[in-house]
Amino acid sequence: MTYIPAETRYDQMIYNRCGKTGLKLPAISLGLWHNFGDDTPHQTKQAILHTAFDLGITHFDIANNYGPPAGSAETAFGEIMRTDFKDLRDEMIISSKAGYHMWNGPYGEWGSRKYLVASCDQSLKRTGLDYFDIFYSHRFDPDTPLEETMGALDYIVRSGRALYAGISSYNSQRTREAAAILKDLGTPCIIHQPSYNILNRWVETDGLKETLGELGMGSIAFVPLAQGMLTNKYLKGIPTGSRATQGKSLDPVVLTDHAVASLNKLNDLAAARGQTLAQMALAWVLRDGGITSALIGASKPEQVTDCVGALANLSFTAAELAEIDRISLERDINLWAKSSSD
Ligand SMILES: NC(=O)c1ccc[n+]([C@@H]2O[C@H](COP(=O)([O-])OP(=O)(O)OC[C@H]3O[C@@H](n4cnc5c(N)ncnc54)[C@H](OP(=O)(O)O)[C@@H]3O)[C@@H](O)[C@H]2O)c1
């Protein structure tokens with residue numbers, strides 16, 4: 001059946017300026033890390049993407065290695081672009097990234113110019129797109145001169161493969177260095193993609209959030225729901241089919257009795273605000289305007305609808321914020337800690 005986008009799609013979404021640039025991003029964006037590989041039915045992917053676009057989510061985030069298998073999320077997204085979304089490219093911001101392992105041998109990961117440019121070309125081919133809106137260095141490479149990695153991003157933009165350059169999981173100091181190199185090259189680094197949520201606040205302790213403000217860069221927070229922990233999903237244990245049962249990135253060992261008790265307390269606080277826990281978690285990420293967009297994942301279209309409902313109340317009282325801090329002592333759930341501390 002032909003997809004016809006909702007006429008109301010721009011009525012409720014909030015669009016935030018990405019730092020001091022001309023680009024606006026939706027306050028909620030959708031990522032395709034999970035649930036867009038070959039293990040998910042095509043109709044589910046279509047339903048999630050249709051719902052997102054109908055609700056004003058104009059930004060879709062992919063990476064070379066999303067699947068499984070690696071690359072299949074880009075292929076699936078490309079197919080839906082060619083069919084359902086074929087006349088809508090100019091209403092969308094589509095990003096991809098390179099940094100993690102993608103193919104064998106010395107040129108299939110990290111930050112060399114050889115890898116970044118080849119990977120970007122592969123990603124364009126898989127998606128069938130002429131260009132990405134944003135292309136990221138997915139992680140800092142301690143063994144490649146930063147000038148080379150940033151030079152590759154500059155080349156990717158100048159050659160028309162992407163419109164903007166971004167970095168992901170770079171710490172505050174590396175972000176300053178990367179931004180300075182790109183500025184000198186004439187291709188500003190417009191966005192940083194860090195992990196950030198109520199349970200993982202490294203962007204605050206590292207000073208990254210402040211740095212981004214100073215540099216005029218935008219930011220898009222990934223795993224804002226701590227991979228589903230900050231939703232109603234795990235309040236009574238671990239349900240079948242949830243990410244924690246799939247042997248993927250959410251290790252069920254983090255869902256200790258103590259953690260689940262804390263999540264239930266956060267859920268009570270969310271209910272008192274008239275929100276679901278997912279909605280409160282997203283509102284918290286967006287609470288002070290320091291983050292341009294919260295980058296969610298979803299396994300069902302209803303989850304996207306619930307998440308966008310967060311925008312109805314993004315403000316917190318000082319007492320609510322203090323209570324969230326009290327309940328949610330930081331937990332060791334930052335899978336990207338190594339990359340962001342290099
Ligand atoms: N730059 C990087 O290094 C990096 C790393 C990781 C992720 N990312 C980006 O961030 C995106 C989001 O990551 P993520 O999927 O881990 O984010 P997340 O939003 O923290 O977690 C998404 C998961 O939470 C559950 N969920 C979402 N909404 C829900 C709701 N309203 N009610 C109940 N459960 C809900 C679903 O779990 P179930 O699947 O169990 O239903 C969903 O798959 C990725 O797709 C990717 O684009 C970037």
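The values are calculated or read from the model by the stated rules, or taken from the named source; none is laboratory data. The shown structure was predicted, so the numbers you read here are calculated from the model rather than taken from an experiment. So basically every Cβ, Gly included, is an ideal-geometry build from the backbone, and we count neighbours across all protein chains shown.
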(message) Give me the residue from the stretch 234-260 that is among the aliphatic types (A, V, I, L, M) and either within 20 Å of the chain's Cα centre (by Cα) or loosely packed, with under 11 Cβ neighbours inside 10 Å (or both) and, out of that set, farthest from the ligand (Cβ to nearest atom).
(response) 253
(request) Within the stretch 210-221, count every residue that is surrounded by fewer than 22 Cβ atoms within 10 Å (Cβ to Cβ) and within 18 Å of residue 286 (Cβ to Cβ). (result) 2
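Can you tell me which residue among 199, 230 is touching a helix residue (DSSP H, G or I) at 6+ places or on another chain (Cβ under 6 Å) and either more than 27 Å from residue 268 (Cα to Cα) or more than 8 Å from the ligand (Cβ to nearest atom) (or both)?
Every option except 199 fails the conditions.
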(message) Scan the stretch 281-293 and tell me whether some residue there is under 15 Å from residue 235 (Cα atoms), of a type in the set (A, V, I, L, M) and at pLDDT 95 or above.
(response) yes
(message) Looking for something touching a strand residue (DSSP E or B) at 6+ places or on another chain (Cβ under 7 Å) and not charged (D, E, K, R) - is there at least one such residue anywhere in the stretch 260-271?
(response) no
(request) Output the number of residues of the stretch 57-106 satisfying the condition of being touching a strand residue (DSSP E or B) at 6+ places or on another chain (Cβ under 6 Å), farther than 21 Å from residue 137 by Cα and hydroxyl-bearing (Ser, Thr, Tyr). (result) 1
(request) Specify which of the listed residues (1, 13) is at pLDDT below 95, assigned to a loop (DSSP other than H, G, I, E, B) and not aromatic (Phe, Trp, Tyr). (result) 1
(request) Output yes when any residue across the stretch 312-330 is modelled with pLDDT of 95 or more, in a loop (DSSP other than H, G, I, E, B) and within 14 Å of the ligand (Cβ to nearest atom), and no when none is. (result) no
(message) Checking the conditions here, which among 27, 47 is among the aliphatic types (A, V, I, L, M), touching a Leu at 6+ places or on another chain (Cβ under 7 Å), under 22 Å from residue 309 (Cβ atoms) and modelled with pLDDT of 95 or more?
(response) 27
(request) Specify which of the listed residues (93, 134) is surrounded by fewer than 24 Cβ atoms within 10 Å (Cβ to Cβ), of a type in the set (A, V, I, L, M, F, W, C) and out of contact with any helix residue (DSSP H, G or I) (no Cβ under 7 Å at 6 or more places or on another chain). (result) 93
(message) Conditions first: (1) out of contact with any Pro (no Cβ under 9 Å at 6 or more places or on another chain); (2) within 13 Å of the ligand (Cβ to nearest atom); (3) in a strand (DSSP E or B); (4) touching a residue at least 60 places away in the same chain (Cβ under 8 Å). Residue 221 passes all but one, so which condition is the exception?
(response) (1)
(message) Pairs please, first residue from the stretch 292-308 and farther than 17 Å from residue 63 by Cα, second anywhere and assigned to a helix (DSSP H, G or I) and near the ligand (Cβ under 6 Å from one of its atoms), Cβ atoms under 7 Å, 6+ apart in sequence or on different chains.
(response) 306/278; 307/278
(message) Tell me yes or no: at least one residue of the stretch 158-168 is surrounded by fewer than 20 Cβ atoms within 10 Å (Cβ to Cβ) and at positive phi.
(response) yes
(request) Tell me which residues, restricted to the stretch 270-284, are in a helix (DSSP H, G or I), crowded, with 16+ Cβ neighbours inside 10 Å and either of a type outside the set (Phe, Trp, Tyr) or near the ligand (Cβ under 10 Å from one of its atoms) (or both). (result) 270, 277, 278, 279, 280, 281, 282, 283
(message) Given the criteria within 16 Å of the ligand (Cβ to nearest atom) and among the acidic types (Asp, Glu), does residue 133 qualify?
(response) yes
